[in-house]
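As structure tokens, the structure follows; a few thoughts come after it.
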């Protein structure tokens, strides 16, 4: 009897171990299922919380939108909004083409930006050079001169100036001849040296100056000019005093 009890005891231990293993496996499965249930519960709670938050946000946005629409109600309605949306949908291709053009313009500006900066730098340098040379100061003074001229002449003066502009230009042209300019420059230069002349000059000294051929020639020119000034007016084309003759010797 003792010999037959040994196998029964071994079988009982094996069965017990098998039962323990199954219980452990079942316990692990139960723990896994419990963990999945807890994660699902947390996910559900997070979704519920998100839904509540979104509900509050959407409710606030809806209330704000309603208030704004109420303020715009005199000049805006939903029908106009729907018409605008329909029009935008009908012009999607046009809007896409416009966006492509804007992209092209943006690319062009990106390419041209360095060139424009270089051109602006050169332009600024040129302006600084002109300012350094005094062009702007001269232009400012010229504007002041023009302003004085405009305010100094009446409408009748301007009309008379227009009637005689041809004669004025011919006179200026004649005065700009090298001989006339040299004569005027010499006269101004001699007038500047007036202080070098003695304060008292006797008649004998003046008569003595007449012996100088240059003095006699100057007097002859002066008499020729005075004769032309005093001569009566003649027809255009002949200068006053043109027929007058003065002996220089």
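The values are calculated or read from the model by the stated rules, or taken from the named source; none is laboratory data. The structure displayed is predicted, hence computed values, not measured ones. Glycine gets a Cβ as well: all are built from the backbone with ideal geometry, and neighbour counts include every protein chain shown.
Screening residue 199 with (1) surrounded by fewer than 10 Cβ atoms within 10 Å (Cβ to Cβ); (2) at pLDDT 75 or above gives one miss only, at (2).
Is the range 165-184 home to any residue that is farther than 30 Å from residue 221 by Cβ, assigned to a helix (DSSP H, G or I) and over 22 Å from the mean Cα position of the chain (by Cα)? No, that holds for no residue. Against the numbered list (1) at pLDDT 85 or above; (2) surrounded by fewer than 10 Cβ atoms within 10 Å (Cβ to Cβ), residue 98 comes up short only at (2). Suppose the filter is modelled with pLDDT under 85, more than 30 Å from residue 221 (Cα to Cα) and part of a helix (DSSP H, G or I); does residue 158 pass it? Yes: the conditions hold for residue 158. Within the range 26-55, no residue that is surrounded by 10 or more Cβ atoms within 10 Å (Cβ to Cβ) sits with its Cβ atom under 9 Å from a residue that is in a helix (DSSP H, G or I) and modelled with pLDDT of 90 or more at 6+ positions apart or across chains.
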